[in-house]
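**Q** What follows is a structure written as structure tokens; I'll ask about it next.
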Amino acid sequence: MAFVLSLLMALVLVSYGPGGSLGCYLSQRLMLDARENLRLLDRMNRLSPHSCLQDRKDFGLPQEMVEGDQLQKDQAFPVLYEMLQQSFNLFYTEHSSAAWDTTLLEQLCTGLQQQLDHLDTCRGQVMGEKDSELGNMDPIVTVKKYFQGIHDYLQEKGYSDCAWEIVRVEMMRALTSSTTLQKRLTKMGGDLNSP
């Protein structure tokens, strides 16, 4: 019991930003998790992408939206969260577990969940009551359509090994873009509560 109280106290102290107010900061840990997730995706490679050229597809990654200056700070956080959530949902399926090395897949899902957990601590503070209207925000809808296209593609291809390899490569692009967005948010001023 004393350990749990000590842990809770430590979490409360870590959550306070400068000036003693509860703040939400993008941590270095979030960036490290992002890099580790990319490394894991790279290690999940089982096929040569060249052997799957016939299955290539342009999924329409909204790269300019995510990496460019199109998103304002209040839009960037929900887009980042949605990209990570959709990535987690994609890899946390029965079809996915049949396609990949179980250990690497579990590590990837754990890493994505850790990123989401970190962002969850900020989510209520950043989005507040806007949460329901953000689900209908154009950039969020764009991200959801992008991932729906990936799900549709996998289903159309019968969740084949080549289809998963094409998706793995695509997810490396998507997660690289989300890492760029994380960096941009940090440059905007890591405190997500500030305007």
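The values are calculated or read from the model by the stated rules, or taken from the named source; none is laboratory data. If you're wondering where the values come from, they're calculated on a predicted model, not measured in any experiment. Please note: Cβ atoms are built from the backbone with ideal geometry, for glycine as well, and neighbour counts cover all protein chains shown. Side chains are part of the model used for accessible areas, which takes the heavy atoms of the whole protein and leaves out ligands, DNA and RNA. Shrake-Rupley method; radii C 1.70, N 1.55, O 1.52, S 1.80 Å.
**Q** Return yes or no: is S87 surrounded by fewer than 21 Cβ atoms within 10 Å (Cβ to Cβ) and either touching a helix residue (DSSP H, G or I) at 6+ places or on another chain (Cβ under 7 Å) or basic (K, R) (or both)? Lay out the reasoning, then the answer.
**A** Working: surrounded by fewer than 21 Cβ atoms within 10 Å (Cβ to Cβ): no; either touching a helix residue (DSSP H, G or I) at 6+ places or on another chain (Cβ under 7 Å) or basic (K, R) (or both): yes.
Criteria not met by S87.
**Q** Specify which of the listed residues (R173, R184) is modelled with pLDDT under 90, within 16 Å of V79 (Cβ to Cβ) and of a type outside the set (A, V, I, L, M, F, W, C).
**A** Working: R173 fails: modelled with pLDDT under 90.
Every option except R184 fails the conditions.
To keep it simple, each residue is scored yes or no on (1) modelled with pLDDT of 85 or more; (2) assigned to a helix (DSSP H, G or I); (3) more than 21 Å from K57 (Cβ to Cβ).
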residue: V143; (1), (2), (3): yes, yes, no
residue: Y153; (1), (2), (3): yes, yes, no
residue: W164; (1), (2), (3): yes, yes, no
residue: T180; (1), (2), (3): yes, yes, yes
residue: N193; (1), (2), (3): no, no, yes
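**Q** For region 95-112, how many residues are charged (D, E, K, R) and either farther than 17 Å from C162 by Cα or in contact (Cβ under 8 Å) with a residue 60 or more places away in the chain (or both)? It would help to see each step written out before you state the result.
**A** Of the residues in region 95-112, the ones charged (D, E, K, R) are 101, 106.
Filter again for either farther than 17 Å from C162 by Cα or in contact (Cβ under 8 Å) with a residue 60 or more places away in the chain (or both), leaving 106.
Total satisfying the criteria: 1.
**Q** Give the number of residues within region 39-84 that are part of a helix (DSSP H, G or I), over 20 Å from F147 (Cα atoms), open to solvent by 60 Å² or more (accessible area, probe 1.4 Å) and not polar (S, T, N, Q).
**A** Looking only at that region, the number is 5.
**Q** Does E36 count as of a type outside the set (A, V, I, L, M, F, W, C), surrounded by fewer than 17 Cβ atoms within 10 Å (Cβ to Cβ) and touching a Gly at 6+ places or on another chain (Cβ under 6 Å)?
**A** Working: of a type outside the set (A, V, I, L, M, F, W, C): yes; surrounded by fewer than 17 Cβ atoms within 10 Å (Cβ to Cβ): yes; touching a Gly at 6+ places or on another chain (Cβ under 6 Å): yes.
In short, yes.
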